[in-house]
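See below for the structure under consideration.
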Amino acid sequence: VQLQASGGGLVQAGGSLRLSCAASTRTFSSYSVGWFRQAPGKEREFVAGITYTGRTTYNRDSVKGRFTISRDNAKNTVYLQMNSLKPEDTAVYYCAAPGRTHYFTANIYDYAYWGQGTQVTVSS
């Protein structure tokens, strides 16, 4: 499974960005997807996830009400809509898929396939 993340950029606090994660595999609809982020000097952390059906989503507490994850299996793409961005959201954002199908986890160690990351910078 190859993943390609895009959509990052520089935005002012309070602004919005939409990240996209495009997958190459035809079995993409069988994989749950997670978005993670890593700020300088910090560990990579789970941000949001969506099950392979798209029916269930998960968000870390600090982004609830601001970030929305969604997917379009016909386009092999998962999105992360980020609104009301804060400087503390500044990080490299990665999309990832677990090592097996029909399985959701927020545990970073269960994710086997990773996109290359896209930089999000929020200025104050």
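The values are calculated or read from the model by the stated rules, or taken from the named source; none is laboratory data. The structure presented is a predicted model; accordingly, all values stated were derived computationally and were not measured. Every residue, glycine among them, receives a Cβ derived from its backbone with ideal geometry; neighbour counts consider all protein chains shown. Keep in mind that these areas ignore ligands, DNA and RNA; they rest on the heavy atoms of the full protein, side chains included. Shrake-Rupley method; radii C 1.70, N 1.55, O 1.52, S 1.80 Å.
List of remarks:
- Ser30, sole failed condition from (1) within 28 Å of Glu88 (Cβ to Cβ); (2) at pLDDT 95 or above; (3) open to solvent by 20 Å² or more (accessible area, probe 1.4 Å): (1)
- So Thr56, is it modelled with pLDDT under 95, open to solvent by 40 Å² or more (accessible area, probe 1.4 Å), out of contact with any Lys or Arg (no Cβ under 6 Å at 6 or more places or on another chain) and polar (S, T, N, Q): yes
- Hey, Arg18 under 11 Å from the mean Cα position of the chain (by Cα), closer than 17 Å to Leu3 by Cα and open to solvent by 30 Å² or more (accessible area, probe 1.4 Å) or not: yes
- For segment 1-32, residues that are more than 16 Å from Thr118 (Cα to Cα) and not basic (Lys, Arg) total 13.
- Taking every residue in segment 17-32 that is within 8 Å of Asn76 (Cβ to Cβ) and pairing it with any residue that is basic (Lys, Arg), at least 6 positions away or on another chain, the pairs with Cβ-Cβ distances below 8 Å are Ala22/Lys75.
- Residue count for segment 34-65, restricted to those that are assigned to a loop (DSSP other than H, G, I, E, B) and touching a Phe, Trp or Tyr at 6+ places or on another chain (Cβ under 7 Å): 4
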